[in-house]
Amino acid sequence: FNEGRGVPQDQALAATWFSRAAAAGSGAAMVELSSLYSRAGGPGHFNLARDSLEKAIRAGDARAPIALAKLYLVRGERTLAEMTLRRSAESGSAEAALSLAELYLSGQATADQQSAARRWLSVAEKAMARDEDQTSRIASMYLRLPDAGSVEHGSSALEALVRKNNPEAMTLLATALLHGAGIQRDPVRAEALFRRAIQLGHDGARFILAKAYRDGDGLQRDPARAFALYREIYREEPGDTKIQIALGDAYARGDGVPPNRRLAAEFYTQAARQGDPEGQVRLGTAYLYGAGVDRDSQKSDHWLSRAGEAGVIEAKVQLGSAKLSGLAATVDA
């Protein structure tokens, strides 16, 4: 019911079943329930999500500390996220160690943070040596460290996995080659690796390549190719909100396809109803100005408010401007 697989999507029913499973002690259900609460947005749902994840941690669910840290990060509470991950990593969770290293390397990492990241990457690497996809992820993170030894270690590990036809390694190496992240830029080889990973069934490669074509990010801009790739993914994963929004944006802008605001609004509606804040702000804006849908101030208020509660600044600005200008359902300076 949560994903709409085999039945109409119904997140209220999904929450009911997750709640029953959580009450029976299922840590996995607690994690899923927290995800539903998080998407709902607002401080009340944040507290419910946090409480659900803390119960899951006590129940021993390995995913719960990672999910709780992500929840804190969405709220801008980096210190709490770091503390949660470190506690789990020190208890032996390799996934938490890897997530902690990723946290240290985000933004402008200090020398101390880089050193800590290197240490936790080493811990995760030893624990996950048999998992090729995780090894690929670890190797790509070594490329983000400034010392030549780490970069050489990461690139060698990725190249070895590419020779073994691992599509995750191909995608991560292609991404690094595209942007010159730690290694010299090589867009021609990057594109070839993305294509090979796509042939091997890696949807992430298809999405990254589509975005590169759309934005001209490392490759020559080609909106038509980008749109074709997005449509391919949508045919296989119609419930993916990132793809719904990408297609909506393409139709809204006429990017690689003739402009069609009605179709754009339909894709935004799909994403918004699944709880995606970016889809909600786009749909709210469409109702605000009558872009592809009949202008409806109340629906605009509803969707912009939900996106704003989820922390989307653009939604708050749009809603504030609407209430000031008279476009909103109620004018309230």
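The values are calculated or read from the model by the stated rules, or taken from the named source; none is laboratory data. This is a predicted model, so every value here is computed, not measured. Virtual Cβ from ideal backbone geometry, glycine too; neighbours counted across all protein chains shown. Heavy atoms of the whole protein, side chains included, go into the accessibility calculation; ligands, DNA and RNA do not. Shrake-Rupley method; radii C 1.70, N 1.55, O 1.52, S 1.80 Å.
Counting the residues of region 99-126 that are open to solvent by 70 Å² or more (accessible area, probe 1.4 Å) and among the small types (Gly, Ala, Ser) gives 1. Scan region 222-235 for residues that are among the charged types (D, E, K, R), at pLDDT below 95 and closer than 15 Å to residue 209 by Cβ and the total you get is 1. Criterion applied to 186, 240, 249, 203 was being under 30 Å from residue 1 (Cβ atoms), surrounded by fewer than 23 Cβ atoms within 10 Å (Cβ to Cβ) and without any contact (Cβ under 8 Å) to a residue 12 or more places away in the chain, and the one residue passing it is 240. Restricting attention to region 286-306 and to residues that are at pLDDT 90 or above and closer than 26 Å to residue 71 by Cβ, the residue that is least open to solvent (accessible area, probe 1.4 Å) turns out to be 304.
Matching residues to (1) under 19 Å from the mean Cα position of the chain (by Cα); (2) at pLDDT 85 or above:
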{"position": "8", "(1), (2)": "no, no"}
{"position": "23", "(1), (2)": "no, no"}
{"position": "37", "(1), (2)": "yes, no"}
{"position": "40", "(1), (2)": "yes, no"}
{"position": "54", "(1), (2)": "no, yes"}
{"position": "74", "(1), (2)": "yes, no"}
{"position": "78", "(1), (2)": "yes, yes"}
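Of the residues making up region 136-170, those that are open to solvent by less than 30 Å² (accessible area, probe 1.4 Å) and under 20 Å from residue 105 (Cα atoms) number 15. Checked against (1) modelled with pLDDT of 95 or more; (2) hydrophobic (A, V, I, L, M, F, W, C); (3) under 30 Å from residue 169 (Cα atoms), residue 271 meets all criteria but (1). Among the residues here, residue 196 qualifies as modelled with pLDDT of 95 or more, part of a helix (DSSP H, G or I) and farther than 29 Å from residue 263 by Cα.
With respect to residue 232, determine if the residue is surrounded by fewer than 17 Cβ atoms within 10 Å (Cβ to Cβ), closer than 22 Å to residue 275 by Cβ and among the charged types (D, E, K, R). For residue 232, the condition - surrounded by fewer than 17 Cβ atoms within 10 Å (Cβ to Cβ), closer than 22 Å to residue 275 by Cβ and among the charged types (D, E, K, R) - is not met.
Pairs are defined by a Cβ separation below 8 Å, a sequence spacing of at least 6 or placement on different chains, a first member in region 27-47 that is open to solvent by 20 Å² or more (accessible area, probe 1.4 Å), and a second member that is modelled with pLDDT under 75 and part of a loop (DSSP other than H, G, I, E, B); no pair meets this definition.
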